[in-house]
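First comes the structure, then the notes that go with it.
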């Protein structure tokens, strides 16, 4: 089977998974609406927190109030797109290992990681991502800032790199379930680190800043796309760093996954 045929085959599989996700969301409409409301309230709380901070200062490093609000919006957008495609799937890996349901995935004639990563779609994430873009647009209006189409395309491309980092690291942590059986606590622990991504890197100093820039690159994921959009000078050398981090994290997760899957002996053995 050549590359074109494989692409068509996996596209068909993914569309089928997408249809199943839509049916599932329509079956539980109240749960769907409730999670959207919860996420909107949480997003509003984050923005209120930034507003309170800027009642006492004009700048955090070289970040003004509306620039930070744009950063929070970008971070929320990246988080929600990640949540829409990957979060539920990563969380369920340990449960599938514990119960032996992974046996059925392994028997399917398709790439196991592909199925584990994309088998469910959280539709509410797309709605919440739209609200994040609306906040970014409002912040840009307050700054009288109009980005060009090239900048907008580059912004979304860099956001994609940030999503790959989130997915790769969380999938690698989910693979720990092959040793510990349960890994939800580890996965949710990483999810809590998302809070760091929505803060300006100027707020951090020393070893803490270096750790979350080079080891666990939380401070690159949203900061770099927004810096590029706002034409901040530091974006010139941080963009390659973000792209390298995305590639490095994905390769790392693939190594961890392949090493982990060899330990799986199914629930019945």
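Worth pointing out:
- Against the list (1) touching a helix residue (DSSP H, G or I) at 6+ places or on another chain (Cβ under 8 Å); (2) surrounded by 13 or more Cβ atoms within 10 Å (Cβ to Cβ); (3) at pLDDT below 90, the condition residue 203 fails is (1).
- Where helices (runs of 4 or more DSSP H) sit wholly within the range 204-269, those with at least 3 residues that are in contact (Cβ under 8 Å) with a residue 40 or more places away in the chain and under 16 Å from the mean Cα position of the chain (by Cα) occupy 223-229, 235-261.
- Residue 82 falls short on exactly one of the conditions (1) touching a helix residue (DSSP H, G or I) at 6+ places or on another chain (Cβ under 6 Å); (2) over 21 Å from residue 16 (Cα atoms); (3) in contact (Cβ under 8 Å) with a residue 60 or more places away in the chain, and that condition is (2).
- Every test in (1) farther than 29 Å from residue 47 by Cβ; (2) out of contact with any helix residue (DSSP H, G or I) (no Cβ under 8 Å at 6 or more places or on another chain); (3) assigned to a loop (DSSP other than H, G, I, E, B) is passed by residue 144 save one, and that test is (1).
- Taking (1) on the phi > 0 side of the Ramachandran plot; (2) surrounded by 15 or more Cβ atoms within 10 Å (Cβ to Cβ) in turn, residue 73 satisfies each apart from (1).
- Residue in the range 32-55 that is without any contact (Cβ under 8 Å) to a residue 40 or more places away in the chain, under 17 Å from residue 142 (Cβ atoms) and either in a loop (DSSP other than H, G, I, E, B) or touching a strand residue (DSSP E or B) at 6+ places or on another chain (Cβ under 6 Å) (or both) present: yes
- Against the test of being buried (at least 22 other Cβ atoms within 10 Å of the Cβ), under 17 Å from the mean Cα position of the chain (by Cα) and within 20 Å of residue 41 (Cβ to Cβ), the options 86, 126, 82 yield a single qualifying residue, 82.
The values are calculated or read from the model by the stated rules, or taken from the named source; none is laboratory data. Note that the coordinates shown come from a computational prediction; the quantities given were computed from them, not determined experimentally. Positions of Cβ are generated from backbone atoms using ideal geometry, with glycine treated the same way; all protein chains shown enter the neighbour counts.
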